[in-house]
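Right, one structure below, let's go through it.
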Amino acid sequence: MSKTSFPSKAGVLIVGAGPAGSIAAYELARLGIDVTIIDKAKFPRGKTCAGGVNIRTLHLLPFDLSSIVEEVITGISFTQNLEEPFLRRYPEPLTVTVRRDIFDHFLVQQAQQAGAHFFDGTQFLSLLEKNESVQVETSYGTFLARFVLGADGSNSAAAFILPLRRKRGPIQKGRCLLLGGAAGLINPFTGEGLYSAIRSAQIAARVLAQTLKDEGQSLPAYQEAVDRELMPHLECSRLFREIFNLRPSFFHQKIARSDRWWNAMAQVLRGEKTFLDVKNKLGFLGTLLLQFAK
Ligand SMILES: Cc1cc2nc3c(=O)[nH]c(=O)nc-3n(C[C@H](O)[C@H](O)[C@H](O)COP(=O)(O)OP(=O)(O)OC[C@H]3O[C@@H](n4cnc5c(N)ncnc54)[C@H](O)[C@@H]3O)c2cc1C
């Protein structure tokens, strides 16, 4: 990219072209909103990730992924301290896997086709909020945007949060929103973050489009929606991780011997059920445990 081709203004600037950034850009561009994404890496770029896209996430994506799916996973091998191995299979796919360099490149290309501008090899450095806009310093120069989305992953430069977001800390401030990993939206039990990255991007795009239309102050609706829709599930996952860590051997045995336990786990992995459903099944005890885990 030459310096002259780098724009100096946009309606929305998105920092980070992972799944959160690309999906937000795709949704905004489809609504005719002027949107630019920057990423410090040159694309396609690798990303440390198991590449598991669960069934719930597949349904959330507005594209068909079949051309880039590597494997369809229908079973899991379990061990405890590399001992007592066993294999469990499920009649339906538990998850599909993708290579993140290919998947992320595919998503950003969809955003570009929808009309988003993309500049890779461009690093976010800092931002300063002004009256009606945000001034962003990048490795390619200064950029003025009406709104900024921080989608730069779990080591976000704009953020203060490490996975999982603790105590529902702020993910919206002024004209800036944090999405996906940058907002600490990670499932602490499974390590899965793609669903929350994509869903938070979709929520952000909807709220931003409304804000641009109304010229109003509706950005707090983003955090409210994330708190309502995503956080209860993620907080419950943390609770179950804590319970699991108390006695992993007990769960190891249960999953080996009980079809009921294995089926419940498979449904959680597929995304058909969440730990919130499991907590709700526990009734008052579940609510009490969750209060301790928060
Ligand atoms: C070991 C491991 C395994 C995982 N396995 C799975 C799995 O199987 N399934 C699953 O659902 N989740 C998994 N996750 C979680 C998943 O990788 C994340 O939740 C997901 O990538 C978050 O997406 P994102 O778009 O928010 O951020 P990211 O995918 O992290 O993208 C952030 C982007 O921002 C860019 N960026 C960063 N800083 C700057 C800057 N200063 N300027 C410009 N650009 C910047 C980066 O280059 C990157 O492209 C795993 C995570 C780890 C660590």
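The values are calculated or read from the model by the stated rules, or taken from the named source; none is laboratory data. Since this is a predicted model, take the numbers as computed values, not measurements. Neighbour counts are summed over all protein chains in view; Cβ atoms, including those assigned to glycine, are modelled from backbone coordinates with ideal geometry. These accessible areas exclude ligands, DNA and RNA; they are computed on the full protein's heavy atoms, side chains included. Shrake-Rupley method; radii C 1.70, N 1.55, O 1.52, S 1.80 Å.
For Cα pairs less than 8 Å apart in space and 6+ apart in sequence, what is the mean separation divided by the residue count of the chain, i.e. the relative contact order in percent?
Numbers: 535 pairs, mean separation 61.2, N = 294.
Taking the mean separation of contacting Cα pairs over the length of the chain, I get 21 percent.
Taking the solvent-accessible surface of protein heavy atoms with a 1.4 Å probe, what is the per residue accessible area of segment 3-231 in Å²? If you can, show how the numbers build up before the last one.
Numbers: 10700 Å² over 229 residues.
Value returned for segment 3-231: 47 Å² of accessible area per residue.
In whole Hz and in residue order, list the ³J(HN,Hα) couplings for segment 43-60 that follow from phi through the Karplus curve 6.51 cos²θ - 1.76 cosθ + 1.60, θ = phi - 60°; x for Gly and Pro.
Ordered by residue, 3J(HN,Hα) equals 9, x, 10, x, 8, 5, 5, 6, x, x, 10, 6, 5, 4, 5, 4, 5, 6 Hz.
For the chain, modelled as a Gaussian network with Cα springs under 10 Å, which listed residue fluctuates most, ALA151, ALA266, ALA183?
Highest fluctuation of the listed residues: ALA266.
Could you name the aspartates and glutamates in cross-link range of LYS281, using Cα to Cα under 20 Å and dropping any fewer than eight places away on the same chain?
GLU229, GLU235, GLU242, ASP259, GLU272
Which residues' amide hydrogens lie under 5 Å from the amide hydrogen of PHE43, considering only partners 5 or more residues apart or on another chain, with H built in the peptide plane?
Result for PHE43 returns GLY121.
Pull out a ≥ b ≥ c, the square roots of the eigenvalues of the alpha-carbon gyration tensor of segment 41-92, then state rounded if a/c is under 1.5, prolate if not and a/b is larger than b/c, and oblate in the remaining case. Don't jump to the answer; show the numbers that get you there.
Working: a/c = 3.16, a/b = 1.54, b/c = 2.04.
It is oblate, given that a/c is not under 1.5 and a/b is not larger than b/c.
Can you compute the modelled spin-label distance between ASP277 and ASP64, with each label point 7 Å from Cα toward Cβ, in nm?
Here the modelled spin labels are 2.8 nm apart.
Output the pairs from LYS9/LYS42; LYS40/LYS167; LYS167/LYS279; LYS173/LYS273 with a Cα-Cα distance over 27 Å in this structure; if there are none, say none. If you can, show how the numbers build up before the last one.
On the way: LYS9/LYS42 22 Å; LYS40/LYS167 30 Å; LYS167/LYS279 19 Å; LYS173/LYS273 32 Å.
Cα-Cα > 27 Å for LYS40/LYS167; LYS173/LYS273; rest within.
If I build a Gaussian network model for the chain, linking alpha-carbon pairs within less than 10 angstrom, which residue out of LEU149, LEU31, LEU13 has the largest mean-square fluctuation?
LEU31
Rounded, prolate or oblate: pick one for the chain, where a ≥ b ≥ c are the square roots of the eigenvalues of its C-alpha gyration tensor, a/c under 1.5 means rounded, and failing that, prolate if a/b is larger than b/c, else oblate.
Numbers: a/c = 2.31, a/b = 1.68, b/c = 1.37.
Since a/c reaches 1.5 and a/b is larger than b/c, the shape of the chain is classed as prolate.
Can you list the residues, at least 5 places off or on another chain, whose amide H is less than 5 Å from the amide H of THR74, using H built in the peptide plane?
LEU94
When the accessible area of segment 3-231 is split by element with a 1.4 Å probe, what percent falls to carbon and sulfur? Display every interim value, and only then the final one.
Values: 5300 of 10700 Å².
That fraction is 50 percent.
Assuming R0 = 45 Å, can you tell me the calculated FRET efficiency for the pair GLU71 and LEU31, based on Cβ-Cβ distance, to the nearest 0.05? Write down the numbers at each step before the final one.
Working: r = 34 Å, r/R0 = 0.77.
It comes out at approximately 0.85.
Can you compute the charge dipole magnitude of the chain about its Cα centre, using +1 on each Lys and Arg Cβ and -1 on each Asp and Glu Cβ, nothing else charged? Give it in debye, rounded to the nearest 20. Display every interim value, and only then the final one.
Working: 35 positive and 27 negative charges, 131 e Å.
In total the dipole reaches around 640 debye.
Using modelled backbone amide H atoms (1.01 Å from N, in-plane), which distant-in-sequence or interchain residues come within less than 5 Å of TYR140's amide H?
GLN123
Quote to one decimal, in nm, the extra length available between GLN80 and LEU246 on full extension: 0.36 nm per residue of separation minus the C-alpha distance between them. Before the final figure, lay out the partial values.
Values: separation 166, 0.36 × 166 = 59.76 nm, distance 1.41 nm.
Stretched out fully, the GLN80 to LEU246 stretch lengthens by 58.3 nm.
Choose one of LEU60, ALA25, ALA10: the residue whose Cα lies farthest towards the positive end of the charge dipole of segment 8-73 (beta-carbon charges +1 Lys, Arg; -1 Asp, Glu; about the Cα centre).
Checking the options against the dipole of segment 8-73, the answer is ALA10.
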